[in-house]
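One structure is given below, encoded as structure tokens.
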Amino acid sequence: MNSQPRRVENLQTDKGKVPVYATGIVEQPWDDYSPADHDTWSKLYARQREILPGRACDEFLAAQDAMGMTPDRIPRFSELNRVLSAATGWTLMGVEGLLPELDFFDHLANRRFPVTWWIRRPDQIDYIEEPDLFHDLFGHVPLLMNPMFADYMQAYGKGGVKAHGIGADALQHLTRLYWYTVEFGLIRQADGLRIFGAGIVSSKGESIYALESAAPNRIGFDLERVMRTRYRIDSYQKTYFVIDGFEQLMRATEPDFGPIYARLAGQESLPAGKVLDSDHVYQRGTGEGWPTDADV
Ligand code: PHE
Ligand code: FE
């Protein structure tokens, strides 16, 4: 799609009718999506829904059904918002792409979730580096229907505003937590490991790899361990962390992170593929195919 999206000049915010959040916020230009755009959505949606039963966690699948996203066309944010705001008070907002960190945290802290309005080109169907509409909407939004996860995301936003005020180190530790939970988290269910991370559920290759490949480590979630662990942005993860349930995640992240950031400041970060003696190891990865250059 070529047309420039319209910018919202005077957005109604809780701070009054001011253009505070105007930068990057767009009204979803729904009428401008091309047939090819809708077709990309349809293909990706159908493909993921085919492989996710038995792989994505029950909460994700139930939430996605409850939202009423359909494969036939790109959903309208305004329609999803009616369902979502009634369920948990979250609102989706269209954006151009990644936001400055503090803006992103502030949106989350106020239960606003930024969704990239544009969808990838047909030749990017299997992989795109930046988040697009499919990743954001299909991957992130369903769990916002879940009351516990909805609260977790807001708490993360508030924690982000706080970490931003503390400094770059604190932010880096918090970002790793986001990466290994919201983006690439696994969860243990009665019938085995399942996916809840948006970066995994929005990728066919990684949905299979994260659960079935012998290459990556799968390690029980431990807050400080996760915060110390570097990650990959250009390949599948070397390590996936497994939570026992959203209750565990809520409980672990409830305490004030201030003292935790202070303690971590003196410690070395861990390479993405490292396994420690203290880890609860579900699977020690073979490391096959791991890139050898430095982790982020
Ligand atoms: N408890 C964290 C803090 O004090 C905030 C937080 C909550 C961070 C949930 C992440 C997830 O900073
Ligand atoms: Fe994401």
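Structure above, values below:
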{"item": "Failed condition for M148, given (1) over 14 Å from the mean Cα position of the chain (by Cα); (2) within 16 Å of ligand 1 (Cβ to nearest atom); (3) outside any helix (DSSP H, G or I)", "result": "(3)"}
{"item": "Set G157, G220: member being in the same structural domain as E254 (by TED's automatic domain parsing) and either of a type outside the set (A, V, I, L, M) or under 14 Å from the mean Cα position of the chain (by Cα) (or both)", "result": "G220"}
{"item": "Top-ranked residue of segment 192-225 - restricted to ones that are of a type in the set (V, I, T) and over 29 Å from D256 (Cβ atoms), ranked as farthest from ligand 1 (Cβ to nearest atom)", "result": "I208"}
{"item": "Pairs with Cβ under 6 Å, 6+ apart, first in segment 193-206 and part of a helix (DSSP H, G or I), second within 16 Å of ligand 1 (Cβ to nearest atom) and among the β-branched types (V, I, T)", "result": "none"}
{"item": "Segment 167-186 - residue that is crowded, with 20+ Cβ neighbours inside 10 Å and among the aliphatic types (A, V, I, L, M) and, of those, nearest to L133 (Cα to Cα)", "result": "V182"}
{"item": "Residue check for E247: touching a residue at least 12 places away in the same chain (Cβ under 8 Å), under 25 Å from F149 (Cβ atoms) and not aromatic (F, W, Y)", "result": "yes"}
{"item": "Residue among R120, R76, R112, R82 that is within 17 Å of the chain's Cα centre (by Cα) and at negative phi", "result": "R112"}
{"item": "Segment 127-141 residues that are of a type in the set (G, A, S), paired with ones that are within 11 Å of ligand 2 (Cβ to nearest atom) (beta carbon under 6 Å, 6 or more apart)", "result": "G139/A198; G139/V201; G139/S202"}
{"item": "Single condition Q189 does not satisfy, out of (1) away from ligand 1 (no atom under 16 Å from the Cβ); (2) assigned by TED's automatic domain parsing to the domain that holds D222; (3) crowded, with 21+ Cβ neighbours inside 10 Å; (4) not aromatic (F, W, Y)", "result": "(3)"}
{"item": "One residue from A66, A56 being surrounded by 21 or more Cβ atoms within 10 Å (Cβ to Cβ), hydrophobic (A, V, I, L, M, F, W, C) and closer than 24 Å to F246 by Cα", "result": "A56"}
{"item": "Residue within segment 229-237 that is farther than 18 Å from Q172 by Cα and in contact with a helix residue (DSSP H, G or I) (Cβ under 6 Å, 6 or more places away or on another chain) present", "result": "yes"}
{"item": "Test: residue in segment 81-92 that is at pLDDT 95 or above and within 16 Å of ligand 2 (Cβ to nearest atom)", "result": "yes"}
{"item": "Flag if P131 is surrounded by 17 or more Cβ atoms within 10 Å (Cβ to Cβ), modelled with pLDDT under 95 and within 14 Å of ligand 2 (Cβ to nearest atom)", "result": "yes"}
{"item": "Those residues of segment 84-115 which are part of a helix (DSSP H, G or I) and either surrounded by 15 or more Cβ atoms within 10 Å (Cβ to Cβ) or not aliphatic (A, V, I, L, M) (or both), in sequence order", "result": "L84, S85, A87, T88, E101, D103, F104, F105, D106, H107, L108, A109"}
{"item": "Residue in segment 219-232 that is within 16 Å of ligand 2 (Cβ to nearest atom) and within 29 Å of Y45 (Cβ to Cβ) present", "result": "yes"}
{"item": "Failed criterion for L171 (all others in (1) touching a helix residue (DSSP H, G or I) at 6+ places or on another chain (Cβ under 6 Å); (2) within 16 Å of ligand 2 (Cβ to nearest atom) hold)", "result": "(2)"}
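The values are calculated or read from the model by the stated rules, or taken from the named source; none is laboratory data. Predicted, not measured: the structure shown is a model, and the values here were computed from it. So basically every Cβ, Gly included, is an ideal-geometry build from the backbone, and we count neighbours across all protein chains shown.
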